[in-house]
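In what follows, a structure is listed as structure tokens, so that the remarks can point back to it.
The values are calculated or read from the model by the stated rules, or taken from the named source; none is laboratory data. The model shown is predicted, which means the values in this text are computed figures rather than measured ones. Note that we place each Cβ from the backbone using ideal geometry, even for glycine, and neighbour counts take in every protein chain shown.
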Amino acid sequence: MRPSLQQRFDTEHAGRGIDLSPLLDVVFILLIFFIVTTVFVRETGVEIDKPRALSAQQLPQSVVLLAITDSGRVIHAGNDIGAEGVRRTLEPLLRRQQRPVVIQADSAAPSGLLVKVLDAAKLAGAADVSIATRTEAGAI
């Protein structure tokens, strides 16, 4: 008696499984690709206690970050530039490429200094100046 088609198929493919090795290779290659090409936001290197706001929004990655500490220091890229150095530091950066400027002011920083830094950024040619905040816990 001749075996049926189903029986022949079962005996030919018995013990065979799907080889997942090529799939895992592709997944790991994609994982490595995404890790290598990820862009990280560079923080200013100073611990800042940002004020809270209900209307906080995410900004693009290519921003110029300035930090104002509670002691009144103005920091850019880890360097203390002072309020007087803001315009001198930002002008060459903004001349090459117009980018948003984000000021990370400590909640205990003097408000007069914040206004002075904001004004200096505008005078340096920044079209978009924002103040970094944390999202309020009850925000939508």
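Any chance the range 54-71 includes a residue that's at pLDDT 70 or above, touching a helix residue (DSSP H, G or I) at 6+ places or on another chain (Cβ under 9 Å), part of a loop (DSSP other than H, G, I, E, B) and within 30 Å of residue 108 (Cβ to Cβ)? No, the conditions are met nowhere in the range 54-71.
Restricting 74, 86 to those that are touching a residue at least 40 places away in the same chain (Cβ under 8 Å), under 17 Å from residue 122 (Cβ atoms) and in the same structural domain as residue 124 (by TED's automatic domain parsing) reduces the list to 74. Residues that are of a type in the set (S, T, N, Q) and at pLDDT 85 or above were ranked within the range 101-129; the one that is surrounded by the fewest Cβ atoms within 10 Å (Cβ to Cβ) is 111.
I'd like the full set of residues that are among the basic types (Lys, Arg) and either part of a strand (DSSP E or B) or under 17 Å from residue 132 (Cβ atoms) (or both), limited to the range 72-115. Even if it seems obvious, please write down each step before you answer.
First, the residues of the range 72-115 that are among the basic types (Lys, Arg): 73, 87-88, 95-96, 99.
Correct list: 73, 99.
Could you tell me which residue of the range 72-95 is surrounded by the most Cβ atoms within 10 Å (Cβ to Cβ), considering only residues that are closer than 14 Å to residue 119 by Cβ and β-branched (Val, Ile, Thr)? Once the filter is applied, the top-ranked residue is 74.
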